[in-house]
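Have a look at the structure below before the remarks.
Rule-based calculations on the coordinates, nothing more; no lab input. Computed from a predicted model, the values in this text were never measured in an experiment. Ideal geometry is used to build each Cβ from the backbone, glycine not excepted, and the neighbour counts take in all protein chains shown.
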Amino acid sequence: MTARRPLREIGQAELAEWLAARRQPAFRAKQIREWLFAKQALTADEMTNLPAGLRAALAEDFAICSVTQAEVVQDGEGTTKWLLELGDGETIEAVLIRAPDRLTVCISTQVGCPVRCSFCASGRHGLVRDLSAGEIVDQVVFANRAAGQRVDNIVVMGMGEPLLNLDALLPALDLICAEEGLGIGARHVTVSTSGIVPGIRRLATAGRQWNLALSLHGVTDAARARLIPPAHRYPLAEILRACREYRETTGRMVTLEYALIAGENDHADDARHLTRIARDLHAKVNLIPCNATGAAHRSSAAEQVRMFHEQLVAAGVQATVRRRKGSDIQAACGQLRARRVNHDRNTQETDE
Ligand code: SF4
């Protein structure tokens, strides 16, 4: 199945050319971009000040919104998780998280993930493909429209390793943050990485104020090696150097994400190591009780999480325990899609 290009990723010059080829006046470009970014249209039919023929031509050549809902689950506490279908039939996940002070959407950058961390469902089947800039932006538009209000916080922490798809992510974030785009402040965007050193450096040179989150999960190279396969794993010292450079270049604090996995990385010694890393980096720490993914790993017990957290705080580290939202709705990254992929595979095997 081939997909139409997302209209939101088409630049002004290309849109002007497309309109000129159809003998449309130049002012139509401004109207179309208003529909796409200010009014966040999902279909060409919504663009009521355009002639019907032009609306039909747009819908034929482009995807007005390149993601559609395939499945939705809610946890009753304000977390909504979508399985979104792309134009070629592939699926990704996005999660909307409501808090009293903000509305956050967690978006994906790849179908599957090449990093293949052992505790994560997203990477279980490896990388299928990168998302395009428009497919990344359209997740935010979809979330805005589904929520009935605009999200004010973006975390690029869904399926995929964002820094292995920077060619699409950088233009997408520019569209998300631009005043004439979706208008979300750069300081309200957090990009997460498993530690892709060249990507961290490239992100820093973009000169934006995006926040960086490092998914650390292990405090030594040996500990990380047990969780992250070698293909995309960089030496810890290099990763921390790149994070330091990021902070110095952008002035933004780095966050260390640490999924607490029972018996794996939740010992007092790990907390001591983590304290030293956080202090050196002037970083805050987010402790995440690991959502079970059906892999071999289990989340640390609540008491262990409490002790680990207390140890960090007592040592002067700014640390929070992320509330585990949505474990009952399969909110860990990649679980909805994994279920769909497994279902499709089983169906195919049954059909054969
Ligand atoms: S944790 Fe992140 S980097 Fe690791 S496999 Fe999952 S999506 Fe990829």
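Please report, in debye to the nearest 20, how large the charge dipole of the stretch 5-63 is about its Cα centre when each Lys and Arg carries +1 at its beta carbon and each Asp and Glu carries -1 there.
Working: 9 positive and 8 negative charges, 36 e Å.
In total the dipole reaches around 180 debye.
Around residue 184, under 13 Å between beta carbons, what's the net of Lys plus Arg minus Asp minus Glu among the other residues? Don't jump to the answer; show the numbers that get you there.
Details: positive: 102, 150, 187, 208; negative: 152, 174, 179, 180.
Its environment carries a net charge of 0.
Report D for the chain in µm² per second (integer): Stokes-Einstein, Kirkwood Rh on Cα pairs, 10 °C, 1.306 mPa s.
This corresponds to a translational diffusion coefficient of 75 µm²/s.
Based on DSSP H assignment, which helices of the chain show an axial Cα extent of at least 15 Å together with a mean Kyte-Doolittle hydropathy greater than or equal to 1.6?
166-177
Please work out the C-alpha center-to-center distance from the stretch 23-73 to the stretch 125-187 and express it in whole Å.
Taking the Cα centre of each part, the stretch 23-73 and the stretch 125-187 sit 19 Å apart.
Note the full-extension length gain between residue 38 and residue 77 as 0.36 nm times their separation in residues minus their Cα-Cα distance, in nm to one decimal.
Numbers: separation 39, 0.36 × 39 = 14.04 nm, distance 2.93 nm.
Residue separation times 0.36 nm, minus the Cα-Cα distance, leaves 11.1 nm.
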